[in-house]
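A short write-up of the structure that comes next.
The values are calculated or read from the model by the stated rules, or taken from the named source; none is laboratory data. Given the structure is predicted, the values throughout are model-derived calculations rather than measurements. Note that each Cβ is placed from the backbone with ideal geometry, even for glycine, and that neighbours are counted across all protein chains shown. Please note that ligands, DNA and RNA were not included when accessible areas were found on the heavy atoms of the full protein model with its side chains. Shrake-Rupley method; radii C 1.70, N 1.55, O 1.52, S 1.80 Å.
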Amino acid sequence: MAPHVPADPTVLHPMPGQPRVVLLKPLVTSPLIDVGEFSYYDDPADPTAFETRNVLYHYGPERLVIGKYCALGTGVRFIMNGANHRMDGPSTFPFPIMGGSWTDHMDLIAGLPGRGDTVVGNDVWLGYGTTVMPGVRIGHGAVVATGSVVVDDVPDYAIVGGNPARTIRYRYPEEDIARLLAVAWWDWPAEHITRHLRTIMAGSVDELEAAAP
């Protein structure tokens, strides 16, 4: 029997002849971004500019965490907390960042409240043009429809869409979602995933449980 050979998670462009697809883990250099193996971004322009073109206003300390085996469509953008402006006074304009003696008032924007890290679970599909707002947590196995603006947390295995994104339906019944989270196939060794790829992609929950190492 032929050996089960996993794909290489360290290759920047996993699809031969398709430079528009990049694996994010070998691409990302920012200590504020953590990406799991095999999560990818697809962009016909320049997918290697992901950190600057798709993760916006990211000055920290909040982190962007993306799990394993996530699919990010063209134009997916993460708005980080650095985009926040004061709204408790007459003007929302960030005067101190413009220079001059206005910088004496940097305290007025330095201490803006944050919503914490932005977290994308494992096996998440973010459709074309999705915008994810600061501090959102997207659950494992979730699907976000094209053009959605995600302003609130997304449950595990939910399909959401719209602006603001709302739950359309769940991919599985509640009891099956609990079973899927318990089996957590994305944490299996790569060789075991390779051996049971057809079950992971097209099998039932029963079959997936039976395939667990």
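Just to confirm my numbers, what's the Cα centroid distance between segment 152-209 and segment 44-70 in Å? Value for the Cα centre distance between the two parts: 23 Å. Against the chain, whose longest principal axis comes from its Cα atoms, helix 174-183 is set at around 80 degrees. The charge dipole of the chain, taken about the Cα centre with unit charges on the Cβ atoms of Lys, Arg (+1) and Asp, Glu (-1), comes to about 420 debye, rounded to the nearest 20. Ranked by solvent-accessible area (1.4 Å probe, protein heavy atoms only, all chains present), the residues Ser204, Ser101 order from largest to smallest as Ser101, Ser204. The heavy atoms of Asp8 offer some 80 square angstrom of accessible surface to a 1.4 angstrom probe. Per atom type, segment 92-178 shows carbon and sulfur on 56% of its accessible surface, probed at 1.4 Å. With protein chains left intact and a 1.4 Å probe, residues in segment 78-186 average 53 Å² of accessible area per residue.
DSSP beta bridges confined to the chain are antiparallel in about 25 percent of cases. Between amide H atoms placed 1.01 Å from N, distances below 5 Å from Ile159 occur with Val143, Ile168, Arg169, Tyr170, Arg171, all of them 5 or more places distant or on a separate chain. The three principal axes of the Cα atoms in the chain give end-to-end lengths of 73, 39, 26 Å, sorted in falling order.
For the residues His140, His192, a 1.4 Å probe over the protein chains yields an accessible-area ranking, largest first, of His140, His192.
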